[in-house]
Amino acid sequence: SKPALKRRRSELDVNSAESRACSVQSKEKHWSVLPGLNYYGIPIHSADCPAFGERVCVHRGFGHIDVIMDEHARQCPSCHAPFAFMGVFVFECRAVVKYQIGDAAMTTNTFCAIDGNCVDFGHHEKLDTH
């Protein structure tokens, strides 16, 4: 039997974006990073899901994407239930990111992910197992 997983709460932090070599394929069946924006996380809602407890990656593509309002796209590719959202990658593209924290002015940053690198806007907290 697989253990129940519980995700610690944390926020997506654009200021801690990390540029690094990107592993586009992995041993995990539902992990495949494609050019553009990719969401990633871990399915934690059903131990019956084949991807339960493993990382999943969902390709979102290109264009204007509101990550906060785009919750319907953050579903497990195996069981289609929402997964514990951990962050986003941009891969083989240029991304313009606009964000606002509290009452501060809107901030715009541009990130380039080229030559096999990705920019990761994730929060890499560990999962608790019970």
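No value in this document is a laboratory result; all are computed from the given coordinates. Just so you know, these numbers come straight off a predicted model, no measurement behind them. Quick reminder, even Gly has a Cβ in these numbers, built from the backbone with ideal geometry, and neighbours come from all protein chains shown.
Could you give me the ³J(HN,Hα) list for the stretch 75-91, computed from phi with Karplus coefficients 6.51, -1.76, 1.60 and θ = phi - 60°, whole Hz, x at Gly and Pro?
Values, residue by residue: 10, 4, x, 9, 9, 6, 7, x, 10, 5, 5, 10, x, 9, 10, 10, 9 Hz.
For the stretch 72-102 and the stretch 106-120, compute the distance between their C-alpha centroids and round to whole Å.
Taking the Cα centre of the stretch 106-120 as reference, the centre of the stretch 72-102 is 14 Å away.
Within the stretch 29-130, list the chymotrypsin sites (Phe, Trp or Tyr not before Pro) lying in a DSSP loop whose Cβ has at most 14 other Cβ atoms in a 10 Å radius.
Phe62
Quick one: which residues, 5 or more positions from Ser32 or on another chain, have an amide H under 5 Å from its amide H? H modelled 1.01 Å from N in the peptide plane, none for Pro or chain starts.
Sorted by chain and number, the residues that satisfy this are Cys57.
What is the set of long-range amide H partners of Arg60 at a cut-off below 5 Å, with H atoms built 1.01 Å from backbone N?
The answer is Leu37, Asn38, Tyr39.
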